[in-house]
1. To the nearest whole percent, what portion of all C-alpha pairs in the stretch 283-359 is separated by more than 16 angstrom?
2. Quote the Stokes-Einstein diffusion coefficient, in whole µm² s⁻¹, for the stretch 9-193, based on the Kirkwood radius over alpha carbon pairs, a temperature of 20 °C and a viscosity of 1.002 mPa s.
3. Cα axis of helix 39-48 to longest principal axis of the chain: angle in degrees, 0 to 90, nearest 10?
4. Determine the distance separating the Cα centre of the stretch 288-318 from the Cα centre of the stretch 325-356; give it in Å without decimals.
5. For the Cα atoms of the chain, what angle does the longest principal axis make with the long axis of helix 264-275, in degrees from 0 to 90, nearest 10?
6. Quick check of the Kirkwood formula: for the chain, what is the inverse mean of 1/r over all pairs of different Cα atoms, in Å?
7. Stretched out fully, how many nm does the piece from residue 411 to residue 173 gain, at 0.36 nm a residue minus the Cα gap?
8. Extending each Cα 7 Å along its Cβ direction at residue 319 and residue 290, get the distance between those two points in nm, one decimal.
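A short reminder: the numbers here are calculations on the coordinates, not readings from a lab. Not measured: the values here are computed from a predicted model. Here the Cβ positions follow ideal geometry from the backbone for every residue, glycine too, while neighbour counts run over all protein chains shown.
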């Protein structure tokens with residue numbers, strides 16, 4: 001039941017993670033795959049990002065998940081058949097109120113019918129209407145791998161892609177073409193519905209900690225988690241950029257190219273090689289080691305009273321990149337500990353000037369940021385200083401928004 005203010009209780013979670021989908025209406029279609037049980041969490045995650053979600057179910061889906069469950073998950077009545085309101089036109093017609101049509105999960109049967117313009121269920125009728133109105137569409141296939149590999153179905157997948165449909169997944173495990181990760185589906189929705197402020201741009205991001213070898217077992221590293229770099233990569237992708245991230249992890253994030261490295265030297269070499277391919281922006285978010293050493297080829301014996309290690313400075317990546325790529329737009333980061341805000345900003349501006357970079361993000365890791373989920377930063381350009389705090393996703397959104405504004409001003413000659 002709705003509460004006293006006419007608002008379904010489940011909608012209290014709306015926008016609690018992000019406002020990236022605020023004001024967007026998503027029609028979530030559910031078909032008869034066992035993966036439909038995951039649609040409940042998908043619907044709620046979309047709401048946490050600010051979306052209004054309305055569910056449509058095929059008859060087969062209702063044999064697995066009851067419409068009441070999706071009513072709870074979305075906060076809205078579920079469409080199980082077409083009535084006098086002509087719901088498919090109301091949501092997805094030429095003047096429809098929806099921004100996106102998402103089929104998750106999408107069975108082989110439904111995928112084939114959508115590709116062939118067959119409208120024999122509520123879901124396929126909604127799909128035909130969305131195509132006719134040019135409303136963005138995302139399909140999330142889920143079935144046995146042998147079904148997904150059928151040559152005709154593969155032709156239909158490619159046909160749908162050429163028609164502008166986004167296909168998310170599937171994830172191949174245990175002989176099945178499984179439902180994609182919910183984070184990947186949400187990212188795809190954000191990408192389709194974003195302002196596309198970086199469309200046509202190529203962005204290279206360095207992220208996370210590097211590790212310097214002491215011997216075949218031990219390393220020297222730092223506490224950087226790489227979370228900010230990953231969120232920056234996702235946000236640049238959301239905004240339409242072609243994104244490559246260089247870091248010491250493997251995430252397999254949809255739409256983002258990854259290069260794995262370990263040491264500062266590896267990071268430098270990979271970055272310079274990649275930049276030769278032509279990029280518009282480099283975001284240097286990695287916590288690259290300032291010092292390295294000559295590693296022992298054998299394990300250093302334990303049990304010593306003292307151990308001396310000679311450290312030598314590493315090459316400063318931004319300085320080398322600026323020298324070799326003078327036209328590249330560079331975003332740097334400046335981490336300090338326990339400084340007054342004025343001094344933090346002043347030191348960041350000094351680095352910005354010394355390295356001849358257009359923008360820098362400063363934060364005091366003595367307070368928050370290093371390895372945490374939240375942060376507090378100052379985003380500094382030649383014209384302004386902006387403050388941002390909160391989850392690192394929100395921080396990344398603020399940084400990319402400022403980056404996009406500066407790039408647009410430059411293109412307009414401002």
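1. For the stretch 283-359, the share of Cα pairs beyond 16 Å comes to 65 percent.
2. 133 µm²/s
3. Around 60 degrees separate the two axes.
4. 27 Å
5. So the helix axis and the longest Cα principal axis differ by about 60 degrees.
6. 23.7 Å
7. Net length gain for the segment: 81.1 nm.
8. Spacing of the two 7 Å Cα→Cβ label points: 1.3 nm.
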